[in-house]
Structures are given as C-alpha cells and as structure tokens.
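First up is the structure itself, then whatever we jot down about it.
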C-alpha cells in the first residue's frame, strides 16, 4: 500500500490536503517539492512583470539622452549609472526585457509548433516522409547554428521579425527529432493500440494519446531553447546583425559598453550582462519543473 493510500485509509481529510488537486494544485505541489523550481518560476515571474509593466514604471525614458550626465557611475538618481549618451541604464535594461522575451518566446513557440508537427508525422508515418525529414534536419544541423542564423539575418535584413525567423529555423531540428523519437517509440505501445481499437482516428491517437507522453522531455528542451534564443538574439545584436540602435536591447547595450570597460566605466556593460545572465539562468532552471508539471505520470 502506498503512502497516499495509507493516508486515505486513516484520514480522508489529510489525504485530500496531501494529494495535488487539479492542474493548479499539481503546479503548486511541484513548486513545493522542488525549491530550485520555485526559485526559477519566481525569477520568471519577475521578468514577465518587468516586460509587462516595466516600461510604464521606469524613472527615465530609455531613449532620453543627457550629454551632461554621460558615463556617471551608479548612484541614487541613476541606479545602474548612465551610458556614453547620458541614458539611464536601469531604465534601458528593464525596458529591454520586453523585446528580448518577445523575441525568445515567439521564436521558440514557432519552432516548437513546426518541429512538433513535422516530427510527429514523420515518427508516426515513417517511410519516405521520415527519410526526407531527416535529410532536411541533417542539412540544417550541419551548419554551426549561430553562423546559420547570421546568414539568414544577413540575407533577409536585420529586423526583429527576421531575427525571430532565423532563431525559429535553427531550433526546429531539436523539436522535430525529439518528437519523432518519442512518437516512434510509442506508436506500437499498448495504450496506442487500445486507442485505435476504441475507434479513434490516427490524428486523434497522435494528438491526445501519444503526443502528451512526449511533452515532458520537450519541456526541458523548450526551457533550454528559451535561454539560448535570448543569447542568440543578444549575440546577433552584439555583432551588428540584430536589433538596431537606439532600441534598448541587452546585446546592443553590452556591445556599446564593451569599449568602456578598459577605461573604468564597467557599469555600462556589466548590468545588461547580468540581466542577460539571469534570464538564461532562469530558463535553464525551469526545465525540470516544466517537465514535472506536464508529465502525466506525475499526476498519479
């Protein structure tokens, strides 16, 4: 007899408090069981709030320049100091959160949807479809991914939409291959055959019976790709192929501040770099928690 069954036999009210109830209850249960996951979701909530409300709450306009206040160190009036044009770095760092998260989340969502559909079809059908898809994915992954992103952005132009497209394209193989492997393993499983015998169509079996079991490892990949997508966008901006100045973006701010570290104005690059590091750190920590939340086996 399991612990939950023992509790149910002894005290039904206590069992109800112990067992997670519903999706929200399961979410709270996962956060309670794993403090690191709770920390990562707390940081994620902070970044979301910064992206939503930050532009309305920052003390200065991110584009407002003041030559008299250029390169001032951190102080009570400018918490993160000012850059070479006198712009408040704290305001620019907070405002940049919206743009960087938008690029990252949109690119990963596109690659997740496209890669999942392609991988699920290839893994379930097999044959020529599977062979052709694998050759296309091999071609994409044969290139260094950041170099491929540079080439796509250079060809299409360095706009936000093109950065999203480039980041999505280089992430598609991760999801397509992962879903293909998971679907290929489970397409002949007992629960799949039972669902077919019950009269479900192939699309319904794939969408509601096989795919949910492939979600846990995919959530880990989503978490990692969110952090990598932010680094990719920042890297493109750092080399001049990303978001164009004077827009507030972490990669641009680090690139602009790199020239001033030697002369002692360390704050111009350090604070945007810290925010970028925290964002990537947050998404990397969220992987295990997202896996546990969507894993059907964790709900039993």
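The values are calculated or read from the model by the stated rules, or taken from the named source; none is laboratory data. These numbers were taken from a predicted model, which means no experiment stands behind them. Cβ coordinates were reconstructed from backbone atoms using ideal geometry, including for glycine residues, and neighbour counts include every protein chain displayed.
A few remarks follow.
- The one condition from (1) outside any helix (DSSP H, G or I); (2) modelled with pLDDT of 90 or more that residue 158 does not meet is (2).
- Selection status of residue 136, closer than 25 Å to residue 210 by Cα and part of a helix (DSSP H, G or I): yes
- Taking the stretch 173-268 as the region of interest, the helices (runs of 4 or more DSSP H) fully inside it that hold 2 or more residues being within 26 Å of the chain's Cα centre (by Cα) and over 26 Å from residue 281 (Cα atoms) are 211-238.
- Filtered residue count, the stretch 148-183, keeping only those that are more than 30 Å from residue 237 (Cα to Cα) and surrounded by fewer than 18 Cβ atoms within 10 Å (Cβ to Cβ): 1
- Check on residue 120, modelled with pLDDT of 90 or more and surrounded by 20 or more Cβ atoms within 10 Å (Cβ to Cβ): no
- Qualifying positions in the stretch 61-84 - without any contact (Cβ under 8 Å) to a residue 24 or more places away in the chain and assigned to a loop (DSSP other than H, G, I, E, B): 65, 66, 70, 72, 75, 76, 77, 78, 79
- Of all residues in the stretch 232-244, those satisfying the criterion of being touching a residue at least 40 places away in the same chain (Cβ under 8 Å) and buried (at least 20 other Cβ atoms within 10 Å of the Cβ) are 232, 233, 234, 236, 241, 242, 243.
- Here residue 281 fits the description: farther than 12 Å from residue 100 by Cβ, under 14 Å from the mean Cα position of the chain (by Cα), at pLDDT 85 or above and surrounded by fewer than 22 Cβ atoms within 10 Å (Cβ to Cβ).
- Filtered by the rule that a residue be surrounded by fewer than 19 Cβ atoms within 10 Å (Cβ to Cβ) and closer than 17 Å to residue 237 by Cα, the stretch 257-272 gives 258, 259, 270.
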